[in-house]
1. Specify the residue that is nearest to the chain's Cα centre (by Cα); the eligible residues are those in region B:146-168 that are at the interface with another protein chain (Cβ under 7 Å from one of its Cβ atoms) and surrounded by fewer than 24 Cβ atoms within 10 Å (Cβ to Cβ).
2. Of everything in region A:42-55, what is facing chain B (nearest Cβ under 7 Å) and not polar (S, T, N, Q)? Give them in sequence order.
3. Here are the criteria: (1) within 25 Å of B:Thr321 (Cα to Cα); (2) more than 10 Å from chain C (Cβ to nearest Cβ); (3) at pLDDT below 90. Tell me which single one B:Leu397 does not satisfy.
4. Quick one: which residue in B:Ala254, B:Ala269 is under 22 Å from B:Tyr175 (Cβ atoms), among the hydrophobic types (A, V, I, L, M, F, W, C) and modelled with pLDDT of 95 or more?
5. Please work out which residue is farthest from C:Ala99 (Cα to Cα), limiting yourself to region C:319-332 and to residues that are assigned to a helix (DSSP H, G or I) and in contact with a helix residue (DSSP H, G or I) (Cβ under 6 Å, 6 or more places away or on another chain).
6. Could you tell me whether any residue of region B:41-60 is within 23 Å of the chain's Cα centre (by Cα) and of a type in the set (D, E, K, R)?
7. Using the structure shown, decide if A:Ile17 is among the β-branched types (Val, Ile, Thr) and at the interface with another protein chain (Cβ under 7 Å from one of its Cβ atoms).
8. Looking at region B:182-211, which of its residues are assigned to a helix (DSSP H, G or I), more than 13 Å from chain A (Cβ to nearest Cβ) and among the small types (Gly, Ala, Ser)?
Amino acid sequence: MIPMEHVLILGAALFAIGMYGVLARRNAVLILLSVELMLNAVNLNLIAFNVYLRPNPATGMVFSVFVIVIAAAEAGLALAIILRLFRNRRTANVDEADLLKW
Amino acid sequence: MNPDYSLLIPEYILAVWAALVVAVDVMMPKLRRDVPAYLAALGALAAGIASVLYIDVNKGFEAIPGVTIMHVDDYTTYMRVLLCGIAVFILLMSAQFVRMRLSHAGEYSAIVLVATLGGMLMVEGTELITSWIALELLSFCFYTLVSFARRELRSNEAGLKYMLLGAFSTALFLYGLSLIYGVTGTTTYDGIAAALSNRGEDLTLALVVGFVFIIAGLGFKVAAVPFHMYTPDAYQGAPLPITAMLSTTSKAAAFALFFRLFTTAFLPAHEEWKWMIALIAAVTMMWGNLVALQQTNLRRLFAYSSIGQVGFMLIAVAAATQDAGSSLLFHMAGYAVTNLAAFTIIVVFFNREGSDEIADLAGLAERQPFLALAMVTALFSLAGMPLFAGFFTKFMLFVSGWDAGLEWLSGVAVVASLISLYYYLMVIRQMYVIAPRVPGRFRTPALLWGVIAVLVVGVFFLGIWPAPLLDAADTAAAFLFRA
Amino acid sequence: MIGVEHAWIIPAIPLGSFIILALLHNVLPRKGDWLGVLAILTSFALVWFVVADAFTNYPDHLPGRESLEWIEAGRFRVDLGIHVDEVAIVMLIVVTTVALMVNIYSTGYMQERHGLTAEEQRRLLPATAAAHGGHGDTHGDAGHVESSGHHETASAVPEPRYGWFFAVLSLFAFAMLTLVLADNLLLMFAAWELVGVCSFFLIGFYWERRSAAEAAKKAFITTRIGDVGMLIGIIMLWKATGTFHIQTVLHAAETGQIGHTYLVISALFLLMGPIGKSAQVPLHVWLPDAMEGPTPVSALIHAATMVVAGVYLVARMLPLFEAADLLRVILTMGMITAVFASIVALAQTDLKKVIAYSTLSNLGIMMVALGAGSVTAAMFHLMTHAFFKACLFLGAGSVIHATHTQEMGPLGGLWKKMPITGTTFIIAALANAGIIPLAGFWSKDEILHSIDSHAGVVWFVIALVWVVLSGMYTARLVGYTFLGKPRDQHIYSHAHESPFAMTLPLIILGALSIVAGFPILHEVGNSLGLPGGISEFLLTPGEHAEEFHFNVGLATAGTLSALLGMFITGFLMASPGRMARFTAAIPGPYNLVKNKFYFDEMYQWLIDRVILVVAYGVAWFDRHVVNDTGVDGFSSLLNYTGFRLKFAQTGKIPNYALAIVIGVLTLAVIAFSTNS
């Protein structure tokens, strides 16, 4: 069986990649996708802990299901707001949304 | 044992009422657009009254036997009543605003109710998944509400920033939760506390990283420096009553969750996180109050002022004693009353003048003396002058911090609150000293006049006779520290 | 029968009057001024019942206590309690007497507002703007706006906030009396802040005038700086003793239950409050500016009552400061203030500013007395000073009322025109200089005595110099205003005696300036029911009883010093031009003194250059470093490539996210480095 550490490292890497995406991307949709990556890293963690450390009860599994569901809802909401941005400004570039500052 | 569904009646009321408000709005298209807000206010009032019935109830809601996902006790009751009360005032100040400036009045009011529902669940949650979902419910409502003025670029932009950064911070928060779950193997607060008190030393680092991420996530929700960056933008862009709600409901609920989580689940590892929160608290109160000095927009000023207040409240979380808990609850109530008063005044002014720049307040004392005087009351209270609510609430916070061995932090807090006086006085000066830009007196609408009067009386009541509320807060906080 | 334990009624009455006046002053006849006067009159009368009770079987009934639980949470407990002892009784008498006089006086003085510029007039009374408009405009064109020294000031208008003024006076009386009676530090602090708020409202009472609003803000913030320290001191003492109750804290301090270093630190913090409130150097800058307030306010708040709250607090807590070995600090600080202020008073040209600096100087000498360990001398001087200084201020107000100017330059010879004001003013001024047998003489004598016997000869000599200086500025004040020849015939010819409502308080206070010192004598004290005179009465427990002796040597030294000072000034003023030649001969020192040793400039510089720069710096950091620049380095680190830098610079949301990441990393790095 693959050691738990490998899964955790994969999770951490995924999390870091997602974080990088949030910091580096300028398109709102891509930022959102990067956040999804981070959430999946969380899911990996949860499932790994669940399977390797405490197989019973399946709390981690349940948790990750909730994370997936909420992430979907979040994506829906975020896309609605991004769509609104696009309609108002004809762009999805977050750099151009800087009316509010200082 | 089956879960005791009767514990959640206030939540049912809010949920059903929210649906009802939307239904009424859909079925009666001719309805005046301020009516749904009044209707929803009744719902919040009903939920608040229902919450009062739970005084001295002390029962867990067990989703499956042995797993208490929610707990109804005096802490819950105190916060439920507070949140419902805030919702009532938010809806009352919203009514005219919505009528004049927003569409979809029904949805607006319904979402305010659901946000309150989310806040209540956050307070009750005693299990990580539940608390987190409640947090998301509240956050989603706020994302929607902040960007509710769909055609306004600022509102849209504020919503976008809040939403994307909120999602990001949620991811951090969840990563932290997953680590805590990994270390302790459970998600209930009690289980975590038990596991933490029997933990081995080798797990400390994983635990500390978990705490860092959780503090970052919650720090974002309460707007602590350096997780605060979205706050001024969201405050400025959101529809005005929602700004008020951000600074009250969102903050109160997040702090209630913060405090419950850290004092019931994480208390055995107090040494691990005490310094982190104390550090953030110090930075937050200095940063918020210093940057506030440079603001020209009233809402941004209040945003930074609220960041400063967050710093004060974090003292209580860092101290994590029963006294700190009661002073936190007490401060929350005082802060909510004061801030609601200030924002109702700003709403009245905004409804009439369409401006929220500090410079436009010039000569308010001549144009509408009542508003100016009420504003002075609110500002003095925020600055922590005696006889106003803010004095005792802040004083208790400082004292509890001092008592818990955080003398330096209380010292910083006293200095920070002195700095705050300066920018509050700048606003007062604007209202009283500078000649009005636009001549002409105006009147405050009767309903909002009444609302402001009630809140101002509340500010004085808490400042002069704080004993009843403090007793309640003390009883409430005691529930977290029974063990 | 009202006993000492019922003394809480005394502040309660003005509170009621405040509530009624604040809500209804527009509805009541005469805007409710009679209610304010009536309320304080009732309190004044009640004080005498309390005094009578205190003297029945003296000292069985003292100290009187009464308390009511206010707040209780865990270890934290505060009572609404009163503690009536001898010192408090003297304060009660002083506060209610002066407050009553000032209330009566204000019914005359505050009817009209003087010295308005056209702009102020237009804002104040939009309805009458048309009528006065042309008049005001010519003023503006001629550049005469706000030249208060000029006799062409705009005409007076009825005071629009007359009722509000009396409301705040009532509130002040409530707060001040609460401060006096409070038996615990927290209640005292609350009252302490409330008198500060009243002072803020009253200094800024003419808020249309920018200088008044600025002065109010300055006073508020400066005293708050002291209060911050005081609050920390109170919390520290609470932490050590578990109570706010003053007597318990004192007991703990005296019996050494608090560690000495801790006690010293907390006492120093506590002392910051009195330094701010009683305007000791270096936090004195607000008091002279506070003269922007209406003159009755200057008399009540900034001479007789609020500013002595600091002295009162130190007197109350003296055993604590004694246990902390801080008496020398208090002594030195007080002496610096006293000498400094009386030097500055020499060169002021504004009538009220001279009196303000004289107040500062007297506050300093009260602190000196406390530093010498003598509550008796300090409290006694506090009492006599309250009467003669209130009389001086009200007299100055009467002059302003009559001449519409408060610059001393154009005045002179007013005694003939205003006999009552002049006579009472001169009596009070002589009392201030310490001329036998007026009130000020006895209390100054007592202070000199305490310095002589407890502080040492050097301090005594400095104190004598201070007496000389007091004599000098007093003579100058009187000489320029009431004596000599009128320097401006126009003002002189229009001057007139003030109405009865204003002269009555002057007469009473003038009389008090004569007799208030006599209770120190055993014979007088005996006949008043104070065996051993007031000095015996004012002893705090533990203080050594020192019988008052009329020490001829001391009295002679004091009086001669005062006369010397007056003579110097008199000599300089006797022939026209001599003073000018004298000041021209020493331009350096003169300018230094005239500009108040440049304290204000220094603080302004500090605020401009340091505090605002720090604030600006942080705001700038928030805007540029976090948002734009700082991102550069960090995001290139993350990106491995430099070309993405420009995206980071312009980006907003990612920058915010970066701040979050930086926060997380900082915490993590600190955690790791401290753990390993």
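The values are calculated or read from the model by the stated rules, or taken from the named source; none is laboratory data. Fair warning: this is a prediction, and the values are worked out from it, not measured in the lab. Glycine also receives a Cβ, built like all others from the backbone with ideal geometry; neighbour counts cover every protein chain displayed.
1. B:Arg154
2. If the condition is that a residue be facing chain B (nearest Cβ under 7 Å) and not polar (S, T, N, Q), then A:Val42, A:Leu46, A:Phe49, A:Leu53, A:Arg54 are the ones that fit.
3. Just one mismatch for B:Leu397, condition (3).
4. B:Ala254
5. Residues of region C:319-332 assigned to a helix (DSSP H, G or I): C:319-323, C:327-332.
Cutting the leftovers down to in contact with a helix residue (DSSP H, G or I) (Cβ under 6 Å, 6 or more places away or on another chain) gives us C:319-321, C:323, C:327, C:330-331.
Details: C:Pro319: 30, C:Leu320: 30, C:Phe321: 30, C:Ala323: 35, C:Leu327: 31, C:Ile330: 29, C:Leu331: 30 Å.
Among those residues, the one meeting the criterion is C:Ala323.
6. Checked region B:41-60: no residue is within 23 Å of the chain's Cα centre (by Cα) and of a type in the set (D, E, K, R).
7. Values: among the β-branched types (Val, Ile, Thr): yes; at the interface with another protein chain (Cβ under 7 Å from one of its Cβ atoms): no.
For A:Ile17, the condition - among the β-branched types (Val, Ile, Thr) and at the interface with another protein chain (Cβ under 7 Å from one of its Cβ atoms) - is not met.
8. Selection gives B:Ala193, B:Ala194, B:Ser197.
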